[in-house]
Each structure stands twice: as C-alpha cells, then as structure tokens.
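Undergrad: Next up is a structure, given as structure tokens.
The values are calculated or read from the model by the stated rules, or taken from the named source; none is laboratory data. Not measured: the values here are computed from a predicted model. Cβ placement follows ideal geometry from the backbone for every residue including glycine, while neighbour counts extend to all protein chains displayed. In case anyone asks, the SASA skips ligands and DNA or RNA and just uses the protein heavy atoms, side chains included. Shrake-Rupley method; radii C 1.70, N 1.55, O 1.52, S 1.80 Å.
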Amino acid sequence: MKRVTLLLLLLLFALQWTVPIAQILRGEALLRDGVSLRLALQPVDPYDVMRGRYLALSFSESTREHNLPDGMAAGDTLYAVLGADPDGLAHITRLSREPQDSAFAWKIPANAKAGEKIRIDIPLTRFYLPEDDAVAIDDTLRWRSDGERPQVAASLGVRVKDGVIVAESLWLDGQPYRDWLRAHATEEAAQQQP
C-alpha cells in the first residue's frame with residue numbers, strides 16, 4: 001500500500017511539473033528558432049504594483065486597415081504575415097488562411113463581415129523592464145515642461161513561429177535599449193561637464 005501511494009505521489013509530482021516545463025521549452029524554442037522582426041511602437045511606462053515597471057505596448061501597425069480575405073468569417077483564424085521594410089521595421093504585408101514562417105495567428109472578431117476592412121490587433125500588450133532601466137527610459141520619453149516630447153524611435157523586437165508572436169527586446173533609435181541608455185548617459189555626462 002505504501003509503495004502504491006509513493007508511486008502515485010511521484011507520478012503526481014512529475015505531472016505537476018510537466019506543463020510549466022513544456023511551456024518554458026516551447027517559449028525557448030520560439031525565441032531560438034522564430035523569425036526575428038521589429039515592430040514600431042509608441043511606449044508608455046505605467047506601473048503595476050504586483051509586477052513592477054513595464055511598457056504598455058501600442059503598435060502603430062494596429063491602426064492600419066486590411067481587407068478581410070474572401071471566404072473568411074467571424075470566428076475564423078487568419079494569419080497576419082509580417083515583412084520588414086528597408087528600415088528594418090515589420091509591417092503586416094498580407095493576410096493568409098494558412099500558417100506562414102513570419103505570421104501570427106489572429107481570430108476574426110464576431111462583428112466582422114466578409115469583404116470588410118479590419119484592423120489587426122497585435123497580441124502583445126506589455127513589455128517588462130528592470131526598475132532602473134524603466135525609470136531612465138521614462139525620464140527620457142516623458143513630456144517636457146515646454147510641451148514637447150523627445151523624438152525617440154521606439155520599436156519592439158519580436159520572434160514569430162508557428163502562428164505565435166512573442167516580445168524579445170526593446171529598441172530605441174535603432175539600437176537595443178541598454179546600448180541606447182549607455183550612450184544617452186554618456187551624452188548627458190558630457191553635456192554637464194564645463
């Protein structure tokens with residue numbers, strides 16, 4: 001009896017860890033093997049008491065309208081195919097019924113009608129940052145007292161594979177945000193010296 005109980009407990013323990021480990025492995029495979037792209041965004045730096053600083057992601061690409069492919073109806077899944085422009089920023093180039101290497105899955109809303117123009121919401125809403133980095137970026141991107149906002153081109157590095165899109169990195173003015181922060185800190189230090 002004790003042996004059966006011990007085996008059941010071991011089996012339960014193994015099953016309990018199977019789901020999180022499978023999710024971690026899937027995420028790592030996506031980051032390793034997925035198509036790498038960057039999407040232009042308009043960052044905002046809110047604060048979540050439970051999880052800390054993050055950028056609330058708002059993509060300029062989500063404002064563009066696309067024609068709903070013929071034969072597709074509300075509730076169907078379509079694939080938004082991403083392609084990079086000469087500046088390296090990704091845009092939705094077309095909509096497909098079939099999975100593509102650089103496409104993420106998107107479920108057509110219930111109120112959409114065939115042949116109608118639709119807007120594709122990119123299914124990423126937050127990007128978490130270390131506290132110090134978030135504060136430094138927020139200070140730089142915040143509205144100034146003269147009503148002007150600094151012009152910093154922000155984009156999000158993403159990976160796409162098998163219809164799934166995940167956030168990978170934040171880019172500011174075409175460089176990874178940590179490199180941008182170092183360069184920005186160096187520029188500020190040089191300006192403060194007499």
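Undergrad: Identify the single condition in (1) modelled with pLDDT of 90 or more; (2) exposed (fewer than 14 other Cβ atoms within 10 Å of the Cβ); (3) of a type in the set (Gly, Ala, Ser) that residue 90 does not satisfy, given that it satisfies every other one.
TA: Here residue 90 meets the rest and fails (2).
Undergrad: Modelled with pLDDT of 85 or more and part of a loop (DSSP other than H, G, I, E, B) - does that describe any residue in the stretch 42-59?
TA: Let us first name the residues in the stretch 42-59 that are modelled with pLDDT of 85 or more, namely 59.
Next cut, part of a loop (DSSP other than H, G, I, E, B) only: none.
The answer is no; no qualifying residue exists.
Undergrad: Residue 95: surrounded by fewer than 11 Cβ atoms within 10 Å (Cβ to Cβ) and at pLDDT 85 or above, yes or no?
TA: Criteria not met by residue 95.
Undergrad: Here's another thing I want to ask about it. Determine, yes or no, whether residue 110 is modelled with pLDDT of 90 or more, touching a Gly at 6+ places or on another chain (Cβ under 9 Å) and either assigned to a strand (DSSP E or B) or of a type in the set (Gly, Ala, Ser) (or both).
TA: No; evaluated as a whole, the condition is false for this residue.
Undergrad: Among the listed residues 179, 173, identify the single one that is at pLDDT 90 or above and either under 21 Å from residue 27 (Cα atoms) or open to solvent by 60 Å² or more (accessible area, probe 1.4 Å) (or both). Give the derivation first.
TA: On the way: 173 fails: at pLDDT 90 or above.
Going through 179, 173 in turn, just one is at pLDDT 90 or above and either under 21 Å from residue 27 (Cα atoms) or open to solvent by 60 Å² or more (accessible area, probe 1.4 Å) (or both): 179.
Undergrad: Yes or no: the stretch 125-146 includes at least one residue that is open to solvent by 50 Å² or more (accessible area, probe 1.4 Å), modelled with pLDDT of 85 or more and closer than 14 Å to residue 66 by Cα.
TA: No.
Undergrad: Another question, then. Looking at (1) modelled with pLDDT under 85; (2) open to solvent by 100 Å² or more (accessible area, probe 1.4 Å), which one does residue 27 not meet, given that it meets all the others?
TA: All conditions are met except number (2).
Undergrad: Just to be sure, is residue 62 among the small types (Gly, Ala, Ser), surrounded by 12 or more Cβ atoms within 10 Å (Cβ to Cβ), touching a residue at least 60 places away in the same chain (Cβ under 8 Å) and over 15 Å from residue 161 (Cα atoms)? Steps first, please.
TA: Working: among the small types (Gly, Ala, Ser): yes; surrounded by 12 or more Cβ atoms within 10 Å (Cβ to Cβ): yes; touching a residue at least 60 places away in the same chain (Cβ under 8 Å): yes; over 15 Å from residue 161 (Cα atoms): yes.
Yes.
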